[in-house]
Amino acid sequence: MPKRNTNRAYKRGEAHRDARLFIIVTEGEREDRYFGWFDRKSQRIRVQLVPRHEQASAPKHFLNRLHQFLDGEGMNTQIGDSVWFVLDVDNWTRESIDELITACDQNNDWHMAISNPCFEVWLNLHKGPLPDNVEDCDTMKTMLNARHRGGFHPNTICPLLEDAIKHAQEADTHPEQVYPDKMQTKVYLLAAAMKAVLGQNWR
C-alpha cells in the first residue's frame, strides 16, 4: 500500500491547532469509550475515534474506515498528529493483522496498539500486574469486574493511566516487537504517547 499524503490541516479542529490529534481506529465500543474519555482532558490533546460501521469491525475494514475519515477530515503530521490502530487478536487471523502492520510500516505516523488476546488485558493492568494463572478473555472479564466495582467505567479506570502504562511495560517480554505475547498488550505505547501530551494536571 503506498504512503498517503495526510499532511494537511484537520478541518474540524482549525481553532485548536496547538493541540495534538490522536486518530484512533478500534474494533469495539468499550475501546471507544475508554479513549474517548481523554478527548480534551487538556488543551494540548484531541482524540478522534474513527466511525465504525455495523458488522465492519474486522482488521480488513480498519484501513477503509481510516481512509474515509482522512479524506473527509485530514490530519497534520507537522504538529504531531498520529493514527493508532487498537485491536485484539482473539477473533482475527495473524494475516489480517499483518496487513495493518505493513500499512503502519509504510506510513511513519501510523501505529499499532495490539492486545493479546483481548482489550481486557490492558484494562486489568490499571489495577496491578496480572496473575500468572490467567489464560483467557473470559477470566480477564471476570477479573475486571472484581477489580473495579461495577465493572468497566472510564471515570474509574482511565485516571489510573500511569499505573497501567507501568504494569504493561514491565510485563512486555519483547518491547521491540509490534505483536505482543500472550496475556500482554502494546496499548501502553499509545497511552504513553497520550500521557506525554496530557502532561501532569489532566485528571
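Things worth noting here:
- Of the residues GLU176, GLU99, GLU31, ranked by 1.4 Å probe accessible area with the largest first, the sequence reads GLU176, GLU99, GLU31.
- Separation in nanometres of the label points that stand 7 Å from Cα toward Cβ, at ASP132 and LYS166: 2.3
- For the chain: lysine pairs under 28 Å (alpha-carbon distance), excluding those fewer than 8 apart on one chain: 29
- Computed on protein heavy atoms with a 1.4 Å probe, the accessible areas place ILE165, ILE114 in the order ILE165, ILE114, largest first.
- Rolled with a 1.4 Å probe across the full set of protein chains, the surface gives THR93 an accessible area near 80 Å².
- Potential lengthening of the chain between ASN116 and ARG203 amounts to 28.5 nm, from the contour at 0.36 nm per residue minus the alpha-carbon distance.
- Accessible area per residue (1.4 Å probe, heavy atoms of protein chains only) ranks HIS167, HIS61, HIS53, HIS126 as HIS53, HIS61, HIS167, HIS126, with the largest value leading.
- Surface per residue (accessible, 1.4 Å probe) for segment 59-158, Å²: 44
- Between HIS61 and ARG94, the modelled labels are 2.6 nm apart [label points 7 Å from Cα along Cα→Cβ].
The values are calculated or read from the model by the stated rules, or taken from the named source; none is laboratory data. As the structure is a computational prediction, the values presented were derived from the model and not from experiment. Backbone-built Cβ (ideal geometry, glycine too); neighbour counts: all protein chains shown. Accessible surface is based on the protein model in full, side chains and every heavy atom, while ligands, DNA and RNA are left aside. Shrake-Rupley method; radii C 1.70, N 1.55, O 1.52, S 1.80 Å.
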